[in-house]
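Below is one structure. I have some questions about it.
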């Protein structure tokens, strides 16, 4: 019986501390490094590619569009989790634009006149960048929440 009560206290404490735990410096650094490496690799690959300028612009715009979309999704999901109001329209548009950016990249790479390894390179850099953007946004939000709770 005592173990059940102790386990219940631990679960309750975890829920209470869900947003008060400070992200570790290692996780923050790794997130920023992954974002920087992913974006830089993608952009350097575009710069050095033999693609036409309009194609380079398309892929660069998709990177920016994807990064903005995933940060928007992370923010709206987190806002809802914290009980902050988020309209269904904004929430849905955030998810839609995230999927649209990924689908547009896949369609662009599928139809591109590139080596398969080059297509994989762009796909992996893009994936790394959008995943890291979510982690950076989460860390930024957690640090803000932690700093505000310390005051």
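The values are calculated or read from the model by the stated rules, or taken from the named source; none is laboratory data. Computed from a predicted structure; not experimentally measured. Heads up, the Cβs are rebuilt from the backbone with ideal geometry, glycines too, and the neighbour counts pull from every protein chain shown.
Counting residues that are modelled with pLDDT of 95 or more, which helices (runs of 4 or more DSSP H) fully inside region 1-84 reach at least 3?
On the way: elements: 2-16, 25-48, 53-81.
In region 1-84, 25-48, 53-81 are the helices (runs of 4 or more DSSP H) which contain 3 or more residues that are modelled with pLDDT of 95 or more.
Right, another one. Would you check if residue 110 is part of a helix (DSSP H, G or I), closer than 20 Å to residue 138 by Cα and without any contact (Cβ under 8 Å) to a residue 60 or more places away in the chain? Before you say what the answer is, go through the steps one by one.
On the way: part of a helix (DSSP H, G or I): yes; closer than 20 Å to residue 138 by Cα: no; without any contact (Cβ under 8 Å) to a residue 60 or more places away in the chain: yes.
Considered against the rule, which asks whether it is part of a helix (DSSP H, G or I), closer than 20 Å to residue 138 by Cα and without any contact (Cβ under 8 Å) to a residue 60 or more places away in the chain, residue 110 comes out as no.
Matching residues to (1) exposed (fewer than 14 other Cβ atoms within 10 Å of the Cβ); (2) under 17 Å from residue 134 (Cα atoms):
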| site | (1), (2) |
| --- | --- |
| 54 | yes, no |
| 76 | no, yes |
| 85 | yes, no |
| 96 | yes, yes |
